[in-house]
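What follows is one structure encoded as structure tokens, with my remarks underneath.
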Amino acid sequence: MASFIVPRETYFGSGTIAQLGKMQGKKATVVIGNGSIKQNGGFDRIMDQLGKAGFAIQVIEGVECDPTIETSLAGAKKMLEFGPT
């Protein structure tokens, strides 16, 4: 059997979005679904903090909860073209 492991860290809890303003990098990709994050104001707070940190930002919207292979490949193509760092 083959496996594929993607290293990642998950941050959560009070004050997490504010920490985005302290991140280092040049480009960030924000991937969202169909809008609840925009409705509750989270998206604007995230964009504000990444902007404060000086990131160029790419947004990929409309991603399903369990993305199809087609959605995943399209997103990967966009990210490769943008080159988040």
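So here's what we get for this one:
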| quantity | calculated |
| --- | --- |
| Output for the stretch 11-34, where each listed residue is under 12 Å from the mean Cα position of the chain (by Cα), open to solvent by 70 Å² or more (accessible area, probe 1.4 Å) and not charged (D, E, K, R) | V31 |
| All positions within the stretch 60-82 that are open to solvent by less than 50 Å² (accessible area, probe 1.4 Å) and touching a strand residue (DSSP E or B) at 6+ places or on another chain (Cβ under 6 Å) | I60, V63, G75, F82 |
| Tabulated pairs, the stretch 62-84, first among the β-branched types (V, I, T), second open to solvent by 50 Å² or more (accessible area, probe 1.4 Å), C-beta under 7 angstrom, 6+ apart or interchain | V63/V31; T71/E64 |
| Residue list for the stretch 43-56, restricted to those being open to solvent by 40 Å² or more (accessible area, probe 1.4 Å), hydrophobic (A, V, I, L, M, F, W, C) and closer than 16 Å to Q19 by Cβ | M47 |
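The values are calculated or read from the model by the stated rules, or taken from the named source; none is laboratory data. Computed from a predicted model, the values in this text were never measured in an experiment. Virtual Cβ from ideal backbone geometry, glycine too; neighbours counted across all protein chains shown. Heads up: the accessible areas ignore ligands, DNA and RNA and are worked out on the full protein's heavy atoms, side chains in. Shrake-Rupley method; radii C 1.70, N 1.55, O 1.52, S 1.80 Å.
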